[in-house]
Every structure is written in structure tokens, then in C-alpha cells.
Amino acid sequence: MRILYVVTDADIGGAERLLALLGKHRHSEDTVRLVVLMSRGTLSDELERSFGDVVYLDTPPSSRNVFKMVGQLRAQIRQFRPDVVSSHLFHADLVSALSFCKMPLTTTVHTHGFGESDHPLTKLIARAVGLLSFRFASVIPSSDSAEMRRFVAQLGFKRVSAPILNGSELPAEPGFSPRSRAFLSIARNHPVKGHDVLFGAFADVADEVPDWELRAYGPGVTEDDPRMRELLRAAAAEELVEAGRIRLLGPTSEPDEALRGGAALVISSLYGETSPLVGSEAAGQGVPVITSNIGNCAAFVDDPRFAVPAGDRQALAAALREYARLSDEERMHLSGEARKRAERDYSPARVSDSYRRVFAGLVAKDTSR
């Protein structure tokens with residue numbers, strides 16, 4: 001089977017990292033190509049290792065020339081001759097839907113909603129994709145949550161398939177150390193990720209847990225970023241940065257390395273999360289998760305005290321305090337439960353096989369062949 005994947009950009013994000021997983025774990029009989037609408041990005045090296053065949057259309061992020069992108073994608077389709085096209089992220093979905101490809105076209109939905117901070121154009125494109133969803137042979141949600149069901153219905157998506165939840169690589173051995181005293185955040189600099197709540201919650205408990213620190217990774221999560229500086233100021237957390245107890249470490253293409261040094265992963269997102277890969281990666285490393293209770297995120301938690309209402313600074317602070325007060329033995333128990341869950345639920349083979357079954361079923365029913 002020949003599979004053409006299409007994505008908006010090659011920067012570090014859940015959709016892009018899922019594609020790296022699918023490319024790496026493709027069936028031996030399949031031939032795959034990845035088309036990126038924009039230029040090389042922070043995840044390009046990994047995507048190129050996973051696929052071998054990656055084409056960049058080099059569209060500037062500010063470009064509104066959709067028809068040029070459609071023409072370039074159509075040229076790729078003619079040249080590659082895929083049996084199925086798999087699109088990811090709304091911008092790529094719009095371009096793919098307008099390409100009028102004759103073979104089956106699928107999309108994966110990587111969010112379950114928008115907020116006030118999301119760009120109006122993104123929301124407009126999503127609505128357009130919903131209107132054009134009749135062009136997709138299959139719409140694949142990445143979550144089975146109630147939020148996702150409402151979202152796909154709200155956008156008017158047709159031909160919605162069974163959800164395929166994300167998974168991740170499983171390291172040979174978990175890297176968790178109960179002696180670690182570092183909370184971790186691995187999330188891009190965007191209001192949806194709730195850094196304001198995270199910084200505020202840690203500042204609220206910092207005096208009570210003096211041995212603990214917060215390490216925040218992600219594109220744009222740096223001390224010289226104006227938004228990060230403003231969030232730290234508003235959270236009264238600037239002194240914690242100066243003392244080295246809050247560290248803004250920027251993007252990482254090796255989340256496993258970051259996770260191995262952490263005591264717990266904190267997912268502080270406010271909305272939109274489905275089944276983020278970083279949660280399954282944390283489980284593989286045996287790193288317990290403290291999370292906003294949205295989408296499928298609570299599935300990463302083995303103790304209900306550590307799934308809290310999204311955006312609730314006090315609740316998140318209480319969870320951080322409670323976790324820091326656990327004994328090393330109690331944290332080690334939670335680590336073992338997380339690792340068991342990863343081995344049971346988050347296999348990359350399960351994810352890639354699930355996608356391939358959808359693709360193969362569509363190809364088998366394709367009357368244009």
C-alpha cells in the first residue's frame with residue numbers, strides 16, 4: 001500500500017510526533033511519503049529518519065495562497081500515486097480536501113476545541129474543513145472523550161470512524177528515580193497549555209516544598225520570551241527563576257531524556273488536549289502524571305488526587321503539594337503502575353496497526369481503482 005501523509009508543519013507537536021511514530025512503525029510492505037506544507041522545522045530530523053521520503057512545499061507561515069498549496073499537493077499526488085492520503089492538522093486538511101484526489105482521503109482530529117486565544121483564521125479553517133468533510137472517506141478522532149464527540153459534531157464532520165488513541169515508543173527499562181525532586185512540563189508556549197496556572201501553582205507551594213523545582217520545556221518556553229516573562233511576573237514567580245527553582249529550558253526533540261530526570265509530568269492544559277503523546281511517553285518511563293482532567297488525560301493518572309479541574313490554580317497547587325509529600329516508596333508504586341499501563345495500552349504497534357486497518361479497509365472499498 002502506498003500512503004501519502006500530509007501535515008501543516010514540521011515543528012514539535014502532538015500531530016507531528018504521531019506522524020514520526022507512524023512512519024517509523026509502518027508495515028514492511030508499505031511505501032510512505034510525508035508532505036509538509038511549510039519548511040523544515042524543529043522535528044524535521046526525526047521525521048526524515050522515520051519516513052526517509054519527506055517533501056517540503058516551503059510555504060511561508062503567513063501565506064494565504066491556498067490554491068498554490070493545492071496545486072503543489074496535487075503535483076505530489078500525481079507523482080507519488082498513493083492508494084490513500086492521510087491528512088493531519090486543519091490547514092493541511094483544507095489543502096487536502098481541495099485537492100480533489102480520487103483515492104480515499106482521511107483526516108485525524110488532534111484537538112477537541114478552541115479557546116479565545118486561538119487565532120480566528122484557525123477557527124475559520126476548521127469550520128471550512130467541517131463543511132468539506134464529505135470529501136474525507138474517514139475522520140479519525142484521537143480521543144474517545146465526550147469533548148471530542150461534541151467537537152466533531154459541532155464542526156459537522158461526516159464519516160467519523162472509531163477513535164485511535166495515541167501511543168509512543170516503549171523504552172526497554174523505565175528511567176524513573178524516586179529520588180528526583182523535579183516537576184516537569186513539556187508543552188509549547190501557547191495559552192492553551194496553561195503555563196500561567198502552572199507557574200502560579202508552583203509558586204503557591206514553593207515555600208512548602210523547598211527541595212522541589214519545576215523544569216519547563218517547549219518551543220518558546222525560554223526566559224527571554226516576553227510572554228513567559230509576563231506570566232512569571234503575574235504569578236509572582238520571578239524570584240523562583242532567579243533561584244533556579246523554575247527553569248525554562250526551551251524545545252526538546254528528546255522528551256525521553258527530559259522525562260528520565262523528572263519526578264512527575266504536569267499537564268496543565270486548559271482545553272483541547274485529546275490523548276497527548278507526552279502522557280504515554282511519561283508512562284513508558286514510569287513517570288507519574290499530574291494533569292488537567294480534560295480529554296483522555298485522566299487516563300494517565302493512577303491516583304485520582306492527581307487529575308484536577310482545568311485552569312484551577314488552587315487545585316493544581318494542592319496536587320503538587322500532595323505529590324511532593326508522598327514517600328519515595330509511594331512514588332515508586334505509582335511509577336510501577338504507570339509502566340504497567342504503558343506496556344498494556346500505549347504500544348506503537350497498536351497505533352500503527354489501527355491506522356493501517358482503516359487505510360486498508362478504505363482502499364479495498366475504493367471503486368476508482
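The values are calculated or read from the model by the stated rules, or taken from the named source; none is laboratory data. Note that the coordinates shown come from a computational prediction; the quantities given were computed from them, not determined experimentally. A quick note on method: Cβ atoms are made from the backbone with ideal geometry, for glycine too, and the neighbour counts reach across all protein chains shown. All accessible areas refer to the heavy atoms of the entire protein, side chains included, with ligands and DNA or RNA removed. Shrake-Rupley method; radii C 1.70, N 1.55, O 1.52, S 1.80 Å.
Near the amide H of V160, within less than 5 Å, lie the amide hydrogens of V139, all on another chain or at least 5 residues away, with H placed in the peptide plane.
Under the criterion of Cα pairs below 8 Å and six or more residues apart, the relative contact order for the stretch 181-250 equals 42 percent. Sorted largest first, the spans of the alpha carbon positions of the stretch 29-160 along the three principal axes are 37, 32, 28 Å. By the rule of a C-alpha distance below 29 Å, with chain neighbours fewer than 8 residues away ignored, the lysines paired with K24 are K102, K193, K340, K365.
Scalar couplings 3J(HN,Hα) for the stretch 207-213, obtained by applying the Karplus form with A = 6.51, B = -1.76, C = 1.60 to θ = phi - 60°, are 5, 7, 10, x, 8, 9, 9 Hz; x denotes Gly and Pro. Across the stretch 149-160, coupling constants 3J(HN,Hα) worked out from phi with the 6.51/-1.76/1.60 Karplus curve, θ = phi - 60°, read 4, 5, 5, 5, 5, 4, 7, x, 5, 10, 6, 7 Hz, and Gly and Pro carry x. Over the chain, dividing the summed -39,500 (n - 2.57) contributions of all DSSP H runs of at least 4 residues by the number of residues returns a 222 nm mean residue ellipticity of -12000 deg cm²/dmol. For the stretch 1-44, the pair-distance distribution built from all alpha carbon pairs, in bins 10 Å wide starting at 0, is 28, 54, 17 percent. The Cα atoms of the stretch 315-361 define a convex hull whose projected area, averaged across directions, is 4.9 nm². Charging the Cβ of each Asp and Glu at -1 and of each Lys and Arg at +1, and nothing else, the dipole of the chain about its Cα centre rounds to 2020 debye.
The long axis of helix 14-24 is offset from the longest Cα principal axis of the chain by roughly 60 degrees. The angle between the Cα long axis of helix 328-345 and the main principal axis of the chain comes to about 10°, on a 0 to 90 degree scale.
Close amide-amide hydrogen proximity is noted between G194 and L270, each under 5 Å apart and 5 or more residues distant or on a separate chain (H modeled in the peptide plane; Pro and chain starts excluded).
Take the alpha carbon atoms of the stretch 81-145, find their center, do the same for the stretch 274-319, and report the distance between the two centers in whole angstrom. For the stretch 81-145 versus the stretch 274-319, the Cα centre distance is 27 Å.
Computed on the stretch 209-316, with alpha-carbon pairs under 8 angstrom and 6+ residues apart, the relative contact order is 21 percent. Electrostatic bookkeeping for H190 treats Lys and Arg as +1 and Asp and Glu as -1; over the other residues with beta carbon under 11 Å from its beta carbon, the sum is +2. Structure remark: mean-square fluctuation, Gaussian network model of the chain, C-alpha springs under 10 Å; the largest value among D93, D45, D204 belongs to D45. Summing charges over neighbours of N166, with a neighbour being any other residue whose Cβ is under 15 Å away from its Cβ, gives -2 when K and R count +1 and D and E count -1. Sorting E322, E147, E273 on solvent-accessible area from highest to lowest, probe radius 1.4 Å, gives E322, E147, E273. The P(r) of the stretch 1-96 has a tail past 22 Å containing 20 percent of all C-alpha pairs. The angle between the Cα long axis of helix 348-365 and the main principal axis of the chain comes to about 20°, on a 0 to 90 degree scale.
Other residues lying with their Cβ under 14 Å from the Cβ of S138 contribute a combined charge of +3, Lys and Arg counting +1, Asp and Glu -1. In terms of its C-alpha gyration tensor, the stretch 231-317 comes out oblate, because a/c is 1.5 or above while a/b does not outweigh b/c.
For the stretch 125-221, compute Rg over Rh where Rg is the Cα radius of gyration and Rh is the Kirkwood radius from the inverse mean 1/r over Cα pairs. Reported Rg/Rh (Cα atoms, Kirkwood Rh): 1.13. Restricting the stretch 1-58 to GluC sites (Glu not before Pro) that sit in a DSSP loop and have at most 13 other Cβ atoms within 10 Å of their own Cβ leaves E29. For M38, the accessible area of its heavy atoms, probed at 1.4 Å with every protein chain present, is near 30 square angstrom. Computed over Cα pairs, the Kirkwood radius of the chain leads via Stokes-Einstein (0.692 mPa s, 37 °C) to a diffusion coefficient of 155 µm² per second. Normalised by 2.2 N^0.38 Å, with N the number of residues, the alpha-carbon radius of gyration of the stretch 274-369 equals 1.43.
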